[in-house]
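A short write-up of the structure that comes next.
The values are calculated or read from the model by the stated rules, or taken from the named source; none is laboratory data. Since the model is a prediction, treat every value here as computed from it, not as a measurement. Cβ: placed from backbone, ideal geometry, glycine included. Neighbour counts: every protein chain shown.
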Amino acid sequence: MPELPEVETTRRGIEPHVRGRRIADVRVHDSRLRWPVRLPPLGGREVVAVTRRAKYLLFALTEGTLLLHLGMSGSLKLVPRGTAPAKHDHVDVELDSGSMLRLTDPRRFGSLHYVADAPAQHRLLKRLGPEPLSDEFDGAYLHARSRGRKVAAKSFLMDAHVVVGIGNIYANEALFTAGVRPTRRAHRLSAAQCDRLAGAVKDTLAAAIRHGGTTLRDFVGGDGQPGYFRGELEVYGREGDPCVRCGTRLMGIRTGQRATVYCRKCQR
DNA sequence: CCCAAGACCTGGCGGC
DNA sequence: TGCCGCCAGGTCTTGG
(Lines give C-alpha, C1' and ligand atoms only; values in the text may rest on other atoms or scores of the structure.)
Protein backbone atom coordinates (compact mmCIF):
# COMPACT_ATOMS: atom_id res chain seq x y z
CA MET A 1 0.00 0.00 0.00
CA PRO A 2 2.52 2.56 0.90
CA GLU A 3 3.09 4.84 -2.02
CA LEU A 4 5.77 7.46 -1.83
CA PRO A 5 3.73 10.01 0.14
CA GLU A 6 3.01 7.43 2.81
CA VAL A 7 6.61 6.33 3.03
CA GLU A 8 7.60 9.96 3.48
CA THR A 9 4.86 10.46 6.06
CA THR A 10 6.12 7.40 7.92
CA ARG A 11 9.64 8.75 7.80
CA ARG A 12 8.55 12.07 9.28
CA GLY A 13 6.50 10.33 11.92
CA ILE A 14 9.21 8.09 13.29
CA GLU A 15 12.30 10.20 12.74
CA PRO A 16 12.01 12.31 15.92
CA HIS A 17 11.70 9.15 17.99
CA VAL A 18 14.55 7.30 16.37
CA ARG A 19 17.25 9.72 15.29
CA GLY A 20 20.00 10.11 17.84
CA ARG A 21 18.96 6.99 19.72
CA ARG A 22 21.20 4.05 20.30
CA ILE A 23 20.13 0.56 19.32
CA ALA A 24 19.99 -1.75 22.30
CA ASP A 25 19.16 -4.87 20.35
CA VAL A 26 17.43 -6.07 17.22
CA ARG A 27 15.06 -9.00 17.36
CA VAL A 28 13.95 -10.80 14.23
CA HIS A 29 10.74 -12.63 15.05
CA ASP A 30 9.96 -13.69 11.50
CA SER A 31 12.65 -13.42 8.86
CA ARG A 32 10.30 -14.29 5.99
CA LEU A 33 10.03 -11.11 3.98
CA ARG A 34 10.68 -10.75 0.28
CA TRP A 35 14.19 -11.92 0.98
CA PRO A 36 15.14 -13.65 4.22
CA VAL A 37 16.15 -11.04 6.78
CA ARG A 38 19.73 -11.47 7.86
CA LEU A 39 21.24 -8.86 10.14
CA PRO A 40 24.55 -8.63 11.95
CA PRO A 41 24.55 -7.69 15.64
CA LEU A 42 23.69 -3.98 15.74
CA GLY A 43 23.51 -3.33 19.46
CA GLY A 44 25.40 -0.21 20.46
CA ARG A 45 25.12 1.60 17.16
CA GLU A 46 23.36 4.94 16.96
CA VAL A 47 20.74 5.89 14.39
CA VAL A 48 22.32 8.94 12.84
CA ALA A 49 19.64 9.79 10.26
CA VAL A 50 16.43 8.52 8.72
CA THR A 51 16.18 9.32 5.02
CA ARG A 52 14.15 8.16 2.06
CA ARG A 53 15.12 7.13 -1.46
CA ALA A 54 12.23 6.16 -3.72
CA LYS A 55 10.01 4.05 -1.45
CA TYR A 56 12.92 2.84 0.64
CA LEU A 57 13.66 4.11 4.12
CA LEU A 58 17.31 4.30 5.06
CA PHE A 59 18.42 4.21 8.66
CA ALA A 60 21.98 5.48 8.69
CA LEU A 61 23.82 4.01 11.66
CA THR A 62 27.14 5.05 13.11
CA GLU A 63 28.40 2.25 10.94
CA GLY A 64 26.33 0.77 8.12
CA THR A 65 22.73 1.33 7.02
CA LEU A 66 19.43 -0.45 7.40
CA LEU A 67 17.56 -0.45 4.10
CA LEU A 68 13.83 -0.98 4.46
CA HIS A 69 11.04 -1.32 1.92
CA LEU A 70 7.46 -1.53 3.21
CA GLY A 71 6.24 -3.42 0.17
CA MET A 72 2.48 -3.54 -0.07
CA SER A 73 1.38 -3.92 3.48
CA GLY A 74 4.35 -3.01 5.65
CA SER A 75 4.17 -0.48 8.45
CA LEU A 76 6.30 0.83 11.28
CA LYS A 77 5.18 1.82 14.70
CA LEU A 78 6.78 2.65 18.01
CA VAL A 79 5.81 0.48 20.95
CA PRO A 80 7.18 0.06 24.46
CA ARG A 81 10.05 -2.38 24.71
CA GLY A 82 8.82 -5.74 25.84
CA THR A 83 5.51 -5.59 23.96
CA ALA A 84 4.87 -9.15 22.79
CA PRO A 85 5.01 -9.60 19.00
CA ALA A 86 1.79 -10.47 17.21
CA LYS A 87 1.19 -12.56 14.15
CA HIS A 88 2.65 -10.39 11.40
CA ASP A 89 5.33 -8.61 13.38
CA HIS A 90 8.68 -9.36 11.82
CA VAL A 91 11.37 -7.22 13.40
CA ASP A 92 11.80 -5.10 16.53
CA VAL A 93 14.58 -2.54 16.78
CA GLU A 94 14.96 -1.88 20.47
CA LEU A 95 16.16 1.60 21.35
CA ASP A 96 17.83 3.03 24.42
CA SER A 97 14.77 5.25 24.87
CA GLY A 98 12.69 2.34 26.11
CA SER A 99 10.72 2.20 22.86
CA MET A 100 11.19 -0.08 19.95
CA LEU A 101 10.52 0.33 16.29
CA ARG A 102 8.32 -2.54 15.16
CA LEU A 103 8.08 -3.68 11.55
CA THR A 104 4.79 -5.37 10.67
CA ASP A 105 4.12 -6.78 7.22
CA PRO A 106 1.27 -9.26 6.69
CA ARG A 107 1.86 -9.81 2.99
CA ARG A 108 5.62 -9.98 3.26
CA PHE A 109 6.36 -8.02 0.10
CA GLY A 110 8.64 -5.76 2.07
CA SER A 111 12.35 -6.17 2.64
CA LEU A 112 15.02 -5.32 5.15
CA HIS A 113 18.74 -5.38 4.43
CA TYR A 114 21.82 -4.37 6.29
CA VAL A 115 24.19 -2.53 3.96
CA ALA A 116 27.78 -2.21 5.11
CA ASP A 117 28.95 0.43 2.63
CA ALA A 118 27.58 3.21 0.39
CA PRO A 119 23.84 2.45 0.22
CA ALA A 120 23.40 4.30 -3.06
CA GLN A 121 25.51 1.57 -4.66
CA HIS A 122 23.33 -1.22 -3.34
CA ARG A 123 21.80 -3.28 -6.14
CA LEU A 124 18.29 -2.24 -5.11
CA LEU A 125 19.08 1.48 -5.32
CA LYS A 126 21.79 1.74 -7.91
CA ARG A 127 19.69 1.84 -11.05
CA LEU A 128 16.74 3.89 -9.82
CA GLY A 129 15.59 6.98 -11.68
CA PRO A 130 15.43 10.46 -10.15
CA GLU A 131 13.15 11.51 -7.32
CA PRO A 132 9.89 12.94 -8.74
CA LEU A 133 10.08 16.03 -6.55
CA SER A 134 13.65 16.85 -7.55
CA ASP A 135 14.63 19.41 -10.17
CA GLU A 136 16.18 16.64 -12.22
CA PHE A 137 12.70 15.34 -12.96
CA ASP A 138 10.88 17.62 -15.39
CA GLY A 139 9.13 17.57 -18.75
CA ALA A 140 12.36 17.68 -20.73
CA TYR A 141 13.70 14.68 -18.84
CA LEU A 142 10.50 12.72 -19.38
CA HIS A 143 10.44 13.59 -23.05
CA ALA A 144 14.04 12.54 -23.57
CA ARG A 145 13.63 9.28 -21.70
CA SER A 146 10.41 8.37 -23.49
CA ARG A 147 11.88 8.50 -27.00
CA GLY A 148 11.95 5.04 -28.50
CA ARG A 149 9.77 3.58 -25.75
CA LYS A 150 6.65 1.81 -26.92
CA VAL A 151 5.12 1.00 -23.56
CA ALA A 152 1.94 2.70 -22.39
CA ALA A 153 2.49 6.11 -20.81
CA LYS A 154 1.18 4.73 -17.54
CA SER A 155 3.62 1.83 -17.44
CA PHE A 156 6.39 4.23 -18.37
CA LEU A 157 5.54 6.54 -15.45
CA MET A 158 5.46 3.61 -13.07
CA ASP A 159 8.89 2.35 -14.15
CA ALA A 160 11.24 3.08 -11.25
CA HIS A 161 14.17 3.13 -13.64
CA VAL A 162 12.59 6.18 -15.27
CA VAL A 163 11.33 7.97 -12.16
CA VAL A 164 10.76 6.54 -8.71
CA GLY A 165 7.83 6.66 -6.37
CA ILE A 166 4.86 6.65 -8.75
CA GLY A 167 2.60 3.76 -7.85
CA ASN A 168 -0.68 2.76 -9.42
CA ILE A 169 -2.84 5.23 -7.54
CA TYR A 170 -0.82 8.33 -8.31
CA ALA A 171 -0.07 7.26 -11.88
CA ASN A 172 -3.81 7.23 -12.56
CA GLU A 173 -4.26 10.59 -10.86
CA ALA A 174 -1.33 12.32 -12.56
CA LEU A 175 -2.41 11.13 -16.01
CA PHE A 176 -5.89 12.50 -15.40
CA THR A 177 -4.59 15.83 -14.17
CA ALA A 178 -2.29 16.09 -17.20
CA GLY A 179 -5.05 15.09 -19.62
CA VAL A 180 -3.00 12.20 -20.99
CA ARG A 181 -4.56 8.87 -21.87
CA PRO A 182 -2.86 6.05 -19.95
CA THR A 183 -2.61 3.87 -23.06
CA ARG A 184 -0.77 6.43 -25.15
CA ARG A 185 2.58 5.00 -26.18
CA ALA A 186 5.41 6.75 -24.38
CA HIS A 187 7.24 7.69 -27.57
CA ARG A 188 4.15 9.49 -28.81
CA LEU A 189 4.04 11.89 -25.87
CA SER A 190 4.58 15.46 -26.97
CA ALA A 191 6.93 17.82 -25.17
CA ALA A 192 3.90 19.72 -23.90
CA GLN A 193 2.32 16.54 -22.56
CA CYS A 194 5.55 15.62 -20.83
CA ASP A 195 5.62 19.04 -19.21
CA ARG A 196 2.07 18.63 -17.98
CA LEU A 197 2.78 15.10 -16.77
CA ALA A 198 5.86 16.07 -14.80
CA GLY A 199 3.97 18.97 -13.27
CA ALA A 200 1.00 16.79 -12.42
CA VAL A 201 3.22 14.17 -10.80
CA LYS A 202 4.90 16.79 -8.63
CA ASP A 203 1.63 18.46 -7.66
CA THR A 204 -0.12 15.20 -6.88
CA LEU A 205 2.68 13.78 -4.75
CA ALA A 206 3.38 17.05 -2.98
CA ALA A 207 -0.29 17.48 -2.12
CA ALA A 208 -0.48 13.92 -0.81
CA ILE A 209 2.59 14.44 1.38
CA ARG A 210 1.11 17.69 2.67
CA HIS A 211 -2.11 15.85 3.40
CA GLY A 212 -0.19 13.07 5.16
CA GLY A 213 1.53 15.69 7.21
CA THR A 214 -1.70 17.20 8.38
CA THR A 215 -3.28 13.87 9.25
CA LEU A 216 -0.11 12.34 10.63
CA ARG A 217 -1.13 9.68 13.09
CA ASP A 218 0.60 9.29 16.36
CA PHE A 219 3.24 6.74 15.53
CA VAL A 220 3.85 6.10 19.20
CA GLY A 221 1.51 3.33 20.18
CA GLY A 222 -0.81 4.02 17.28
CA ASP A 223 -1.40 1.67 14.42
CA GLY A 224 1.29 3.41 12.44
CA GLN A 225 -0.77 3.48 9.28
CA PRO A 226 -1.04 6.91 7.75
CA GLY A 227 -4.37 7.30 6.01
CA TYR A 228 -4.75 7.40 2.28
CA PHE A 229 -5.42 10.43 0.23
CA ARG A 230 -8.78 8.88 -0.56
CA GLY A 231 -11.05 11.84 -0.40
CA GLU A 232 -9.01 13.68 -2.99
CA LEU A 233 -8.71 10.96 -5.61
CA GLU A 234 -10.34 11.98 -8.89
CA VAL A 235 -10.14 8.76 -10.91
CA TYR A 236 -8.58 5.90 -8.94
CA GLY A 237 -11.30 3.61 -7.65
CA ARG A 238 -14.00 5.58 -9.48
CA GLU A 239 -14.59 3.42 -12.56
CA GLY A 240 -18.10 4.01 -13.88
CA ASP A 241 -18.52 7.18 -11.86
CA PRO A 242 -18.81 10.57 -13.56
CA CYS A 243 -15.64 12.46 -14.45
CA VAL A 244 -15.24 15.34 -12.01
CA ARG A 245 -14.45 17.62 -14.93
CA CYS A 246 -16.94 16.71 -17.66
CA GLY A 247 -19.33 14.15 -16.21
CA THR A 248 -18.49 11.38 -18.66
CA ARG A 249 -18.49 7.89 -17.15
CA LEU A 250 -14.93 6.94 -16.27
CA MET A 251 -13.45 3.98 -18.12
CA GLY A 252 -11.88 1.05 -16.31
CA ILE A 253 -9.26 -1.00 -18.14
CA ARG A 254 -6.05 -2.84 -17.37
CA THR A 255 -2.64 -1.72 -18.47
CA GLY A 256 0.39 -3.77 -17.60
CA GLN A 257 -1.73 -5.97 -15.29
CA ARG A 258 -2.81 -2.95 -13.25
CA ALA A 259 -6.20 -1.36 -12.73
CA THR A 260 -6.44 1.80 -14.80
CA VAL A 261 -9.19 4.40 -14.72
CA TYR A 262 -9.46 7.37 -17.03
CA CYS A 263 -11.82 9.75 -18.79
CA ARG A 264 -11.91 9.13 -22.50
CA LYS A 265 -13.04 12.64 -23.18
CA CYS A 266 -10.60 14.56 -20.99
CA GLN A 267 -7.57 12.36 -21.57
CA ARG A 268 -5.98 12.06 -25.00
C1' DC B 1 18.43 -2.84 -24.75
C1' DC B 2 13.21 -3.49 -24.78
C1' DC B 3 8.87 -5.52 -23.37
C1' DA B 4 5.35 -8.72 -21.37
C1' DA B 5 4.33 -11.85 -18.10
C1' DG B 6 5.29 -14.40 -13.93
C1' DA B 7 6.27 -14.64 -9.20
C1' DC B 8 5.72 -13.50 -4.48
C1' DC B 9 1.65 -13.13 -0.21
C1' DT B 10 -2.57 -12.84 2.49
C1' DG B 11 -6.69 -10.11 4.15
C1' DG B 12 -10.93 -8.86 2.47
C1' DC B 13 -14.58 -9.17 -0.52
C1' DG B 14 -18.28 -11.00 -3.72
C1' DG B 15 -20.73 -14.89 -5.00
C1' DC B 16 -22.93 -19.10 -4.10
C1' DT C 1 -22.87 -18.94 8.02
C1' DG C 2 -19.10 -21.07 5.41
C1' DC C 3 -16.29 -21.94 1.61
C1' DC C 4 -14.05 -20.63 -2.75
C1' DG C 5 -11.89 -17.80 -5.87
C1' DC C 6 -10.18 -13.56 -7.01
C1' DC C 7 -8.20 -9.18 -6.32
C1' DA C 8 -4.96 -5.55 -4.62
C1' DG C 9 -0.36 -3.78 -4.54
C1' DG C 10 5.49 -3.02 -5.75
C1' DT C 11 9.27 -4.66 -7.99
C1' DC C 12 12.44 -8.20 -8.94
C1' DT C 13 13.02 -12.06 -12.20
C1' DT C 14 12.46 -14.63 -16.27
C1' DG C 15 11.75 -15.49 -21.03
C1' DG C 16 11.16 -13.96 -25.71
**OP:** Could you check how many residues of region A:128-147 are in contact (Cβ under 8 Å) with a residue 60 or more places away in the chain and more than 14 Å from the chain's Cα centre (by Cα)?
**Re:** 3
Original post:
Can you name the number of the only condition in (1) away from DNA strand B (no atom under 11 Å from the Cβ); (2) buried (at least 20 other Cβ atoms within 10 Å of the Cβ); (3) closer than 23 Å to A:Arg53 by Cα that A:Asn168 fails?
Top reply: (2)
**OP:** Sort out for me the strands (runs of 3 or more DSSP E) sitting completely within region A:31-89 that have 1 or more residues that are more than 16 Å from A:Arg12 (Cα to Cα), assigned by TED's automatic domain parsing to the domain that holds A:Leu103 and within 20 Å of the chain's Cα centre (by Cα).
**Re:** A:65-69
Original post:
When A:Val180 is evaluated against the numbered criteria (1) away from DNA strand B (no atom under 16 Å from the Cβ); (2) more than 22 Å from the chain's Cα centre (by Cα); (3) assigned to a helix (DSSP H, G or I), which criterion, by number, is the only one it fails?
Top reply: (3)
Subject >> Subset of region A:80-114 (residues that are more than 16 Å from DNA strand B (Cβ to nearest atom) and crowded, with 19+ Cβ neighbours inside 10 Å) >> reply: A:Asp92, A:Val93, A:Glu94, A:Leu95, A:Ser99, A:Met100, A:Leu101, A:Arg102, A:His113
**OP:** Go through region A:119-158 and count every residue that is more than 16 Å from DNA strand B (Cβ to nearest atom) and within 18 Å of A:His69 (Cβ to Cβ).
**Re:** 7
